[in-house]
Amino acid sequence: MHCYQITYHESSGGRVLSVDYTDLVGELAKKHNLKLHIDEPRIFNAYVALGVSVRRLVQAADSVSVCLSKGLGAPVGSVIVGTKSFIDKARILRKNFRWGNETGGNEGILCAGALAALKENVGKLGNDHKNAKTLAWK
């Protein structure tokens, strides 16, 4: 499995890899019988920066993980997307390693925060990008 991120921050000035590059990585992975996982906590930032749908950004991947707190402002939480068999395996791993049991039965509250972040904050990312560029030049 090959894993990488589309967005880079800090030392690279917030650059975003192109869709063509992602497609090329996907082609190389398939050519070598590898699975491609995109670990992209800021996929919605890439969507805004490139003006390309999230679906198109990750089209070459077999699986994707997205953080809902980075950029979107959900209190906590990430999601993983893939085929049913991949998700089934991920659930087994989560259960075996006891990942995700820290909520203390408050999953509904956390899910509500994540849904609100998706519904309300994706559209505001353009302003975040504008403000970041303004601050970067000062």
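The values are calculated or read from the model by the stated rules, or taken from the named source; none is laboratory data. Because the structure is a prediction, the values reported are computed rather than measured. As a convention, Cβ positions derive from the backbone with ideal geometry for all residues, glycine included, and neighbour counts pool all protein chains shown.
Quick notes on this structure:
- Long-range neighbours under 7 Å by Cβ, at least six apart or interchain, first residue closer than 22 Å to Val48 by Cβ within region 13-36, second small (Gly, Ala, Ser) and modelled with pLDDT under 90: Gly14/Ala132; Val16/Ala46; Val16/Ala49
- In region 92-107, of all residues being loosely packed, with under 12 Cβ neighbours inside 10 Å and either under 16 Å from Ser65 (Cβ atoms) or of a type in the set (Gly, Ala, Ser) (or both), the one that is modelled with the highest pLDDT corresponds to Leu93.
- Evaluating Leu110 against the criteria (1) surrounded by 15 or more Cβ atoms within 10 Å (Cβ to Cβ); (2) modelled with pLDDT of 80 or more leaves one unmet condition, (2).
- Of the helices (runs of 4 or more DSSP H) that lie entirely inside region 36-138, those containing 2 or more residues that are within 11 Å of the chain's Cα centre (by Cα) span 43-50, 54-57.
- Of all residues in region 1-37 being farther than 10 Å from Ala61 by Cβ and of a type in the set (Phe, Trp, Tyr), the one that is modelled with the highest pLDDT: Tyr21
- Answer from Ala49, Ala136, Ala132 - the residue that is loosely packed, with under 12 Cβ neighbours inside 10 Å and in contact (Cβ under 8 Å) with a residue 60 or more places away in the chain: Ala136
- Single residue of region 22-35 satisfying the filter (in a helix (DSSP H, G or I) and basic (Lys, Arg)) that is farthest from Cys111 (Cα to Cα): Lys31
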